[in-house]
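For reference, the structure is listed below as structure tokens.
The values are calculated or read from the model by the stated rules, or taken from the named source; none is laboratory data. What you are looking at is a predicted structure, and each value in this text was computed from that prediction instead of being measured. Here the Cβ positions follow ideal geometry from the backbone for every residue, glycine too, while neighbour counts run over all protein chains shown. Only protein heavy atoms, including side chains, enter the accessible area calculation; ligands, DNA and RNA are left aside. Shrake-Rupley method; radii C 1.70, N 1.55, O 1.52, S 1.80 Å.
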Amino acid sequence: MHGAPGPPGGAGPHARGDTVEGRSKPGSWPGATSEGAAGEGAVIETAALTKRFGRQLAVDRLDLVVPRGSVFGFLGPNGSGKTTTIRMLMGLIEPTSGAARVLGQEMPRAGRRVLPRVGALIEGPALYGFLSGRDNLLRFDAADPTADPRTRAARVGAALERVGLTSAAGKKARAYSLGMKQRLGLAAALLRPRELLVLDEPTNGLDPQGMREIRALVRGLAAEGTTVFLSSHLLDEIEQVCTHAAVMAQGRLLTQGTVRELATSARARLAVTTPDTAEAVRVLKEHGVHDLTVTDDRVTGELPPGGPAADLADLNAALVRADVRVRSFGTERASLEDAFVALTGEGFDVAG
């Protein structure tokens, strides 16, 4: 879906005005000051945000802060609570307890004021299959009471061009591929300038070229001042396009910060290329290197914690003394994937 009463790229369903039971007090906001004000510069904030479905705890006391102007990657394995969190942020479902603020206002109570300033593509686009791509966007735009009908055609044309669908604008949406439907959903979210863009798996179904184009689009939107909050199962994509990220597992937030901080939080691994792999493993193990793996003529392992950089020279010298023929020796930069596996203890599933 896209969002909205009105255009799929804008607001969500009419938010209920009642207060959610168990909502946290203002002073418990992650970025709160001593006066209890929200953290400065945060576009999204949650405080102990929790959602239960019967006995299932889907999101467990989530404290999240998304800085204004960031491209924020929301990561987690299958069933980690990412989509449930996004649905709460957009007012599509109410939390069981805790609180969420979007653009400085509490959700879902302020949904009618907040959501017209938000573009969203959640759980895939909801399209009218019998209408063309262009006519879908015209209908979505017409549903927005704040949209000027005199400039509607120009807005739709610009949105189609921005996502690369101008040549397919006349084709019925039911004939679109999955990737084309994703592009059309993005176009709907971009019909009007948005302060915040929320994307749930935005490159789903796209070929490599399409993925590159969407990454370039996200970077361009961020450069124009739009904060982008996206969930993705593609860790490489997050590293390429995001400035900040958070990692979820089993409904809990494990960590959040800049992508660089998260990647460097994982220890770098030692990599040695040698034809004498068995002897190299023995020597490295004796010197505290653990989690050793051998692939062909390559040995990798995790360095002992807290060791100075000079220890690398000692390790190399120990290998040479043991007559290990060292063809290459050095450390590999930890990736966001390394950090994710270290935090969750598991690989990355596609759904989430």
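General observations
- Condition met for A222 (part of a helix (DSSP H, G or I) and touching a Pro at 6+ places or on another chain (Cβ under 6 Å)): no
- Of all the residues in segment 142-174, those that are without any contact (Cβ under 8 Å) to a residue 40 or more places away in the chain and open to solvent by less than 10 Å² (accessible area, probe 1.4 Å) number 5.
- Selection within segment 175-219 - of a type in the set (D, E, K, R), part of a helix (DSSP H, G or I) and either open to solvent by less than 60 Å² (accessible area, probe 1.4 Å) or touching a helix residue (DSSP H, G or I) at 6+ places or on another chain (Cβ under 8 Å) (or both): K181, R183, R215, R219
- Scanning segment 122-145 for residues that are assigned to a loop (DSSP other than H, G, I, E, B) and farther than 15 Å from L160 by Cβ yields a count of 10.
- Selection status of L57, under 23 Å from L103 (Cβ atoms) and more than 12 Å from the chain's Cα centre (by Cα): no
- Qualifying residue in segment 96-113 (condition: out of contact with any Ser or Thr (no Cβ under 6 Å at 6 or more places or on another chain), in a strand (DSSP E or B), open to solvent by less than 20 Å² (accessible area, probe 1.4 Å) and of a type in the set (A, V, I, L, M, F, W, C)): yes
- Test result for G119, part of a strand (DSSP E or B), at pLDDT below 95 and under 29 Å from G210 (Cβ atoms): yes
- In segment 70-95, the qualifying residues are those that are among the β-branched types (V, I, T) and open to solvent by less than 10 Å² (accessible area, probe 1.4 Å), and the one that is farthest from E224 (Cα to Cα) is T85.
- The strands (runs of 3 or more DSSP E) found wholly in segment 226-313 and carrying at least 2 residues that are assigned by the TED database to the domain that holds V66 and either modelled with pLDDT of 90 or more or open to solvent by 60 Å² or more (accessible area, probe 1.4 Å) (or both) occupy 227-231, 244-249, 252-258.
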